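Before any comments, here is the structure.
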Amino acid sequence: MRGRSNPPATIRGVTLVWVVMIGLALCLLGFLYYINPKSIEPPPRVETLTDLSNLLIRWEKHASEDSAVALGKLAAQLDRAGELLEAADHARPPPAASPCPSCPSCPACPATTASLAGAAAGAGAGAASEAALLHALATAGVQCHAGPAELWGEPLVWGSVHRTPSAAECCAACAAHAAAAARGGLEEGVNSTACNTWVHCSDKARCGDKAGECWLKHQKAGEMQLPAQRGGAGSMWTSGVVYPGDAFLAPYDKKVSLTLTFEVGAVQVTLLPDLAPTSVRELRRLVALLGPGGHCTGCRLYRVEPHFLVQGVISHPGGYVATPRNPNPPQKKIMERGLVCWAGGMGGPDFFVNIVDNAGFGDSHLCWGKVDDMALLDKIVAMPQKPKAKQNDMTFLQHELQFNMTLA
Ligand SMILES: *[C@@H]1O[C@H](CO)[C@@H](O)[C@H](O)[C@H]1NC(C)=O
Ligand SMILES: *[C@@H]1O[C@H](CO)[C@@H](O)[C@H](O)[C@H]1NC(C)=O
């Protein structure tokens, strides 16, 4: 029988949060140095969450407007990741207060059911915190391009002597290695071979004594592979790539035909770089990291307003799509049927498609795509809705529709 408290788990959790935060701090420092080498000062010692929070606030004050927004978001997401990690610990199987010893084979032994539910919640929260960490890194400017695969390359740091608690921290370690090289650290100074590929043994059950191994590797320019290209579905390893620049986007540079694939069919969106150049760039980046098949775990439509719009969100762990509303070219005064725009006057990741011509919105929404054939969206807007409490509430789909994205 389990004891009432579980100190080792709590200590593990706290250590994990601490290691994550320090990793992220180092990673962010490298990133800021990369974008603005002159403004950086030696950072104060970061030993607690409060120190890290103060450091972020300090950076936010000195940062340009865009970086300040990114830092603010990162701080919020770190908080969220920390909460999720704590939740993962608290969700461990509760002590069996009233075991049912009298009927060990009794089908609905409440203690067993509670333990299973607790364990499932723990696993779910663990995956959620991992996703939140990758998301935080992506917002800070480090795209982790994570996926199941064992990417090859020249090993720089061996996993047998370098372990991290999560794939996200392995990605952060790779970014920190690259930043160290760029600052002139490592053996060969700025000419050092820097990490651009990380490989983490994430599946604890299958990794055995390799669990947590974090390999930092280098793939040669021109031979770079992403996890999806390596075809590692089902691998116990999680890999990813940290690119020093945007060279990997080159094959997507001129592509404008975005396909959203739903279970009920596909919608073709023509991207409009003239109206929203940065949004189109970010969408291309996301599709590049999704790889062939374009599996986007958080992409979905959730809202339908007949005679008005269909609304959804474009989101995927490790790839955050959002751009500022301004500066961007002036938008169309009348938003035609089929125009795809970021929702709420923001820069994403929530978006909507106009079902009718809409004069009222004017310039306030940033539009980045156009759907010519609206047949499928006309069907979707008529799909069953959740009941509403009040007439004027938003209308939500009874069943949200997940979609994948590819670009041609
Ligand atoms: C890096 O390589 C270049 C070209 O080989 C060389 O000129 C330069 O001195 C090297 N820098 C360092 C710090 O070793
Ligand atoms: C998206 O891709 C994944 C992986 O291939 C697949 O399992 C899923 O069914 C796809 N979703 C849709 C709506 O096609």
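Looking only at the stretch 180-218, how many residues end up being in a helix (DSSP H, G or I) and within 16 Å of ligand 1 (Cβ to nearest atom)?
6
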key: Boolean, Leu286 is at pLDDT 90 or above, of a type in the set (A, V, I, L, M) and either over 18 Å from the mean Cα position of the chain (by Cα) or not assigned by TED's automatic domain parsing to the domain that holds Gly147 (or both)   = no
key: Matching option when the condition is in contact with a Phe, Trp or Tyr (Cβ under 9 Å, 6 or more places away or on another chain), surrounded by 20 or more Cβ atoms within 10 Å (Cβ to Cβ) and under 24 Å from Gly231 (Cα atoms), among Val310, Val287, Val304   = Val287
task = Return a yes/no flag: does the stretch 194-211 have any residue that is modelled with pLDDT under 85, surrounded by fewer than 15 Cβ atoms within 10 Å (Cβ to Cβ) and away from ligand 2 (no atom under 16 Å from the Cβ).
result = no
remark   = Cβ pairs under 6 Å, 6+ apart or interchain, first in the stretch 328-356 and of a type in the set (Asp, Glu), second in a loop (DSSP other than H, G, I, E, B) and surrounded by fewer than 18 Cβ atoms within 10 Å (Cβ to Cβ), ordered by first then second residue, are Glu336/Asp357
message = Go through the stretch 383-408 and report how many residues are exposed (fewer than 11 other Cβ atoms within 10 Å of the Cβ) and either within 16 Å of ligand 1 (Cβ to nearest atom) or farther than 24 Å from Thr297 by Cα (or both).
response = 6
ask   = Within the group Thr197, Thr193, which residue is touching a Phe, Trp or Tyr at 6+ places or on another chain (Cβ under 9 Å), outside the structural domain of Leu289 (by TED's automatic domain parsing) and in contact (Cβ under 8 Å) with a residue 12 or more places away in the chain?
value = Thr197
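The values are calculated or read from the model by the stated rules, or taken from the named source; none is laboratory data. Quantities reported herein were computed from a predicted structural model and do not represent experimental measurements. Positions of Cβ are backbone-derived with ideal geometry, glycine not excepted, and every protein chain shown enters the neighbour counts.
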